[in-house]
Amino acid sequence: MGWEKIVDRGYAKPDNEETLPQNKKDDFAKTKKKDQQALTLIHQYLDDVMFEKVTDATTSKEAWRILQISIQGVDKVRKVKLQTLRADFEVIKMKESECNSDYCSKVKAVVNQLRRYMEEIEDVCMVEKILRILIPKFNFVVCAIEESKDLNSMMVEQLEGSLQAHEEKIKRRQEVSLEQLLKTQASFKDYGGEKSYRGNGRG
């Protein structure tokens, strides 16, 4: 009996080994030895957690049955976790207070977890997701990137770099606009104060 068969079918233990004829004793001893070799082989391929589950098993068939049940349980947990992560990926949105780098990091964190559970997520899926959920003030940026870049070959890191560059431009424009506004307000105040002073002087 090969290892595969003994693991799958097991073997029958005699009620009283001592009463067996010698040839049957020899056959049983060989079968038992092969079963223990199969059990040892199973142990060698297990991590500490899985080994603890089969440590009390005395035959390879028993150990294999325990592993099958455990793996089925792990698979169920994996499926539930995948469903949760897929939902998380779908509902991710960029907040008004978030910068592009924080938003991209949030998307990548969920994708990395999905990949750890053997879910295949290509970069193009991440790129499209990030562009799709950017807040409205970046709409012109999205159009510019979509028109000038090949999204199918674009890496997430490249997209982050483009978004960062556009974000810096927006900040500089806002700073210039604010500076101009402050200068204008200051000019109005100076003009109004001088006019008021001249008016009082004439009175």
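The values are calculated or read from the model by the stated rules, or taken from the named source; none is laboratory data. The structure presented is a predicted model; accordingly, all values stated were derived computationally and were not measured. Counting neighbours? That spans all protein chains shown, and the Cβs are built from the backbone with ideal geometry, glycine included. Just the protein is used for accessible areas: all its heavy atoms, side chains included, with ligands, DNA and RNA removed. Shrake-Rupley method; radii C 1.70, N 1.55, O 1.52, S 1.80 Å.
Answer with yes or no whether LYS129 is touching a helix residue (DSSP H, G or I) at 6+ places or on another chain (Cβ under 8 Å) and among the charged types (D, E, K, R).
yes
Residues being part of a loop (DSSP other than H, G, I, E, B) and open to solvent by 30 Å² or more (accessible area, probe 1.4 Å): count how many of those fall in region 147-156.
Total satisfying the criteria: 3.
So GLN72 clears everything in (1) at pLDDT 85 or above; (2) farther than 12 Å from VAL7 by Cα except one condition, right? Which one?
(1)
Within region 8-22, is even one residue in a helix (DSSP H, G or I), in contact with a helix residue (DSSP H, G or I) (Cβ under 9 Å, 6 or more places away or on another chain) and of a type in the set (Ser, Thr, Tyr)?
No, every residue in region 8-22 fails to be in a helix (DSSP H, G or I), in contact with a helix residue (DSSP H, G or I) (Cβ under 9 Å, 6 or more places away or on another chain) and of a type in the set (Ser, Thr, Tyr).
What are the pairs with Cβ atoms under 9 angstrom where one residue, in region 12-37, is open to solvent by 100 Å² or more (accessible area, probe 1.4 Å) and the other, located anywhere, is in a helix (DSSP H, G or I)? Sequence gap at least six, or different chains.
Every condition considered, the pairs that remain are LYS13/PHE28; LYS13/LYS32; GLU18/LYS25; LYS24/GLU17.
Across region 38-53, what is the number of residues that are in a helix (DSSP H, G or I) and either in contact (Cβ under 8 Å) with a residue 60 or more places away in the chain or charged (D, E, K, R) (or both)?
3
Restricting to region 115-156, count the residues that are of a type in the set (Asp, Glu) and at pLDDT below 85.
3
If I go through region 1-10 residue by residue, how many of them are in contact (Cβ under 8 Å) with a residue 40 or more places away in the chain and either at positive phi or over 44 Å from the mean Cα position of the chain (by Cα) (or both)?
Counting residues in region 1-10 that are in contact (Cβ under 8 Å) with a residue 40 or more places away in the chain and either at positive phi or over 44 Å from the mean Cα position of the chain (by Cα) (or both) gives 1.
For region 1-11, which positions are more than 16 Å from ALA63 (Cα to Cα) and open to solvent by 100 Å² or more (accessible area, probe 1.4 Å)?
Scanning region 1-11 gives a single hit, MET1.
Regarding region 157-176, can at least one residue be identified that is modelled with pLDDT of 85 or more, outside any helix (DSSP H, G or I) and not aromatic (Phe, Trp, Tyr)?
no
Is it the case that LYS79 is more than 30 Å from LEU134 (Cβ to Cβ), open to solvent by 50 Å² or more (accessible area, probe 1.4 Å), within 16 Å of the chain's Cα centre (by Cα) and free of Cβ contacts under 8 Å to residues at least 40 places away in the same chain?
Judged against the criteria, LYS79 is a match.
Out of VAL107, VAL91, report the one residue that is among the β-branched types (Val, Ile, Thr) and in contact (Cβ under 8 Å) with a residue 12 or more places away in the chain.
VAL107
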